[in-house]
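The values are calculated or read from the model by the stated rules, or taken from the named source; none is laboratory data. What you are looking at is a predicted structure, and each value in this text was computed from that prediction instead of being measured. Reconstructed Cβ throughout: ideal geometry from the backbone, glycine too, with neighbour counts over all protein chains shown. Ligands, DNA and RNA are stripped out before the accessible areas are found, and what is left, the full protein with its side chains, is counted by its heavy atoms. Shrake-Rupley method; radii C 1.70, N 1.55, O 1.52, S 1.80 Å.
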Amino acid sequence: MKSTTATCSTPLHIWLIPVIWTVALGLWGLSRQNSVWRDEAATWQVAQRSTSDIVRLLEHVDVVHGLYYLFMHGLFECFGPSTAVLRLPSVLAIAVGALCVAVIGLRLAGPWAGLGGGLVFGVLPAVQFYLQEGRPYALVAAGAGVATSLLVTMLQGRHQKRGWAAYCCAVLMCGWLNWLALLILPAHLVTLVWTRAARGVWARWATASAVAISGTLPLILFSMRQSAQVSWIPPLTWHMLIGPAVLLAVGGLGCLLAGPGAGRLSVASVGLPLLAVPQMGLIGLSLFQPLFVDRYILFSLLGLAILIGGALGAAVRVVAQWSPKASLWTLPVILAVAMIALLPQSLAKRSPASRVDDVLAAAAQTRQLKRDGDGVLFIPSARRDTRLVSPEAFTGLHDIALATSPKDSGTLKGEEAIPSQVRTAMLAQHRIILITDATGVAKPARGERDRTKIEVLEKYFTPLSDEQARGRRVIVYERLVPAP
């Protein structure tokens, strides 16, 4: 057994290798062939507004992402907007999560469990997806990892006062990045019950949790006024439970292989609640208000990585009993096999096709097809993000339907004129460029304004070109029928 841990006993190795590995996975294909999809486009355009304009926006929409937008605004101010600046925070955040998994595994089950869990975290398919996403979910995972590692530290009796204060701050940060991250608290509650924590630990944890919840409560209450933003989430169905069921099954298997650790602090008592409780909690909330979207609880996969790390540590110990030299290769071989098996998914998640659409592809097509003086329309109006992310591609074009810009209206997509005014403005144009969703993605037009746009185009205009790329469609229309 001594020989199996000799090369991996230095704590520096345990956390440094997973961090470097995760950053390498994140930098691999980071630009996704220079594509940005609609959710990232929201981050991109909001982050380029002034602080006061961002605050004004948050009064109407996306207050739940307010802290993240202000953070990205600071980065864009310092380094300028680019896909690297947009996504690199997520890469580094997932690396922090991998570090935390490694530290937790090391403390609870030894160096191989820590190293294995830290390496596995960045390889998980869902983590690979959000590893390169310009949204706050990776940052939430990092905060949850820090909070969980601090909890383990407190349960081991180290750095009590400062540790609980740091724990409170970590949970509070998670809550302000996405208040559903507070589901980490019931997960930690189960860990305290499982490990039969002392009364003093319970009191300090309850105090830290109450402060974190109180600090997040204003955001929760204010975001309730913007609940229409999640109206797109479908009601919970049985097929939506397949993913959580698979994760829980894998986590349960990892728990058995690593050892249940009943009544004591272990990878099972920390990892299994962290995986299962947020999943079950979000399912429970979704019975009342549809909210089940896997990215909201991405942080729960920290628990899965901890459990898998524990199982890998147990596997190394078993192999070491009959061949100490062979045990040194157990983890690298398993990781290599996993990477080969997941390679198709890894490549797919780094392609533009992995997201719904690509804002930059539509902007590039517009740049090629436009003529100075052309009008431009967006159906639905949310597709105006194409112009907001790449304004230079729309130089010389007239946004026909726009009455008040997104910045001036404090919205993401701006305010458009009434249908009759849109109709009049369209009939004054000789050529119109329409930016909409690709055929396989597009939904029927909603609202009188969009139906008016389509009616006028079909009645008075003829399409000259129709280009589709990466989920978006750019159509050039020319007016052939005289205006009435």
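Considering only Cα-Cα distances, which of the following residue pairs are longer than 32 Å: Lys161/Lys349; Lys349/Lys443; Lys407/Lys443? Present the calculation step by step, with values, prior to reporting the outcome.
Values: Lys161/Lys349 42 Å; Lys349/Lys443 24 Å; Lys407/Lys443 27 Å.
As for pairs spanning more than 32 Å Cα to Cα, those are Lys161/Lys349.
Give a quick list of trypsin sites (Lys or Arg not before Pro) in region 324-372 that DSSP marks as loop, anything other than H, G, I, E or B, with at most 13 other Cβ atoms within 10 Å. Kindly include the intermediate steps, with their values, before the conclusion.
Details: sites: Lys325, Lys349, Arg350, Arg355, Arg367, Lys370, Arg371; in loops: Arg350, Arg355, Lys370, Arg371.
Answer by residue number: Arg371.
For the charge dipole of the chain, defined by +1 on Lys and Arg C-beta atoms and -1 on Asp and Glu C-beta atoms about the Cα centroid, which residue among Ala428, Thr411, Leu16 has the Cα displaced farthest towards the positive pole?
Sorting the options by dipole projection puts first Leu16.
What dipole magnitude, in Debye to the nearest 20, does the chain give about its Cα centre under +1 on Lys/Arg Cβ and -1 on Asp/Glu Cβ?
I would put it at about 1220 debye.
Please list, in order along region 52-67, the HN-Hα scalar couplings obtained from phi with the Karplus expression 6.51 cos²θ - 1.76 cosθ + 1.60 (θ = phi - 60°), rounded to whole Hz, x for Gly and Pro.
Result, ordered by residue: 5, 5, 5, 4, 5, 4, 5, 5, 10, 7, 6, 4, 5, 9, x, 4 Hz.
Write down the radius of gyration of region 139-275 and its Dmax, each obtained from C-alpha positions, in Å.
Reported Rg and Dmax, both Å: 16.5, 46.
What are the residues whose amide H is under 5 Å from the amide H of Ile433, where those residues sit 5 or more places off or on another chain and H is modelled from the backbone?
Under 5 Å from the amide H of Ile433: Gly375, Val376, Leu377, Tyr477.
Looking at Val316, Met224, Pro235, which one has the Cα that reaches farthest to the positive end of the dipole of region 184-336 (charges on Cβ: Lys, Arg +1; Asp, Glu -1)?
After comparing all options, I get Val316.
Ignoring chymotrypsin sites (Phe, Trp or Tyr not before Pro) that are buried or in helix or strand per DSSP, and keeping those with at most 12 other beta carbon atoms within 10 Å, what is the longest stretch of the chain between them?
For chymotrypsin sites (Phe, Trp or Tyr not before Pro) (loop position, at most 12 other Cβ atoms within 10 Å), the longest site-free span of the chain is 1-231.
Modelling each spin label as a point 7 Å along the Cα-to-Cβ direction, I'd like the Ala382/Arg162 distance in nm, to one decimal.
4.6 nm
Rounded to the nearest 0.05, what FRET efficiency is calculated for Phe222 and Ala326 with R0 set to 56 Å and r the Cβ-Cβ distance?
Here the calculated transfer efficiency is 0.45.
Let me know the shape class of region 266-407, please: from the alpha-carbon gyration tensor, a ≥ b ≥ c as square roots of the eigenvalues, rounded when a/c is under 1.5, otherwise prolate if a/b is greater than b/c, or oblate.
Verdict is oblate for region 266-407.
If Arg107, Arg196, Arg473 are ordered by their accessible area, calculated over protein heavy atoms with a 1.4 Å probe, which sequence runs from highest to lowest?
So, going from the largest accessible area down, we get Arg196, Arg107, Arg473.
Using +1 at the Cβ of each Lys and Arg and -1 at the Cβ of each Asp and Glu in region 290-421, identify which of Ile306, Ala336, Gly375 lies farthest towards the dipole's positive end.
Positive-end residue among those listed: Ala336.
How many Å² of accessible area per residue for the chain, probe 1.4 Å? All intermediate terms of the calculation are to be shown ahead of the outcome.
Working: 20850 Å² over 484 residues.
On a per-residue basis, the chain sits at 43 Å².
Pop out the carbon and sulfur fraction of the accessible area of region 71-223 as a percent, whole number, probe 1.4 Å.
72 percent
Pulled fully out, how much extra length does the chain show between Ala210 and Ser82, if you take 0.36 nm times their separation in residues and subtract their Cα-Cα distance?
On the way: separation 128, 0.36 × 128 = 46.08 nm, distance 3.89 nm.
Contour length minus the Cα-Cα distance gives 42.2 nm.
On the protein heavy atoms, probe 1.4 angstrom, tell me the percent of accessible surface of region 317-447 carried by carbon and sulfur.
Numbers: 3920 of 6370 Å².
Solvent-exposed carbon and sulfur of region 317-447 make up 61 percent of the total.
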